[in-house]
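Down below is the structure, laid out as structure tokens.
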Amino acid sequence: MGFKQAQEPQQEEKQSKPIKEKIDRYKPKNIRSEAENDYQTYKETGDWPQRDPTVVSRTIRLLIAVVIIFLILGILLLVQAIGG
């Protein structure tokens with residue numbers, strides 16, 4: 001039992017590093033620098049860098065889901081306000 005407890009923090013440490021790297025990507029300074037790099041590339045080549053198609057499709061699906069949810073909530077609120 002003591003041996004397993006001694007190894008668990010090492011495993012957590014290994015797992016926390018990739019998570020920290022994923023979180024760092026969304027910090028404002030990193031987003032800003034990525035946007036500046038994209039703009040510099042655009043100025044030099046005239047083309048925007050291509051994004052991963054899976055990320056684009058997930059973003060579009062999420063956007064559609066959010067719009068549908070707000071439409072449903074808006075319709076329900078309107079029906080309730082009318083007194084239905």
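The values are calculated or read from the model by the stated rules, or taken from the named source; none is laboratory data. Just so we're clear, the structure is a prediction, and the values are computed from it rather than from any experiment. In this analysis, Cβ positions are derived from the backbone assuming ideal geometry, glycine residues included, and neighbour counts consider all displayed protein chains.
Identify, please: which residue in region 46-59 is modelled with pLDDT under 85 and more than 18 Å from R25 (Cβ to Cβ) and is, among those, surrounded by the most Cβ atoms within 10 Å (Cβ to Cβ)?
Looking at residues that are modelled with pLDDT under 85 and more than 18 Å from R25 (Cβ to Cβ), I get W48.
State which residue is farthest from the chain's Cα centre (by Cα) when the search covers only region 20-38 and only residues that are modelled with pLDDT under 80 and not charged (D, E, K, R).
Step by step, filter region 20-38, then rank; the result is I23.
Could you say which residue among L62, L77 is farther than 20 Å from R25 by Cβ and not assigned by TED's automatic domain parsing to the domain that holds R25?
Testing whether each residue is farther than 20 Å from R25 by Cβ and not assigned by TED's automatic domain parsing to the domain that holds R25 leaves just L77.
Okay, residues lined up against (1) of a type in the set (A, V, I, L, M); (2) touching a residue at least 60 places away in the same chain (Cβ under 8 Å); (3) assigned to a helix (DSSP H, G or I); (4) on the phi < 0 side of the Ramachandran plot:
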{"site": "E36", "(1), (2), (3), (4)": "no, no, yes, yes"}
{"site": "P49", "(1), (2), (3), (4)": "no, no, no, yes"}
{"site": "T54", "(1), (2), (3), (4)": "no, no, yes, yes"}
{"site": "I68", "(1), (2), (3), (4)": "yes, no, yes, yes"}
{"site": "L77", "(1), (2), (3), (4)": "yes, no, yes, yes"}
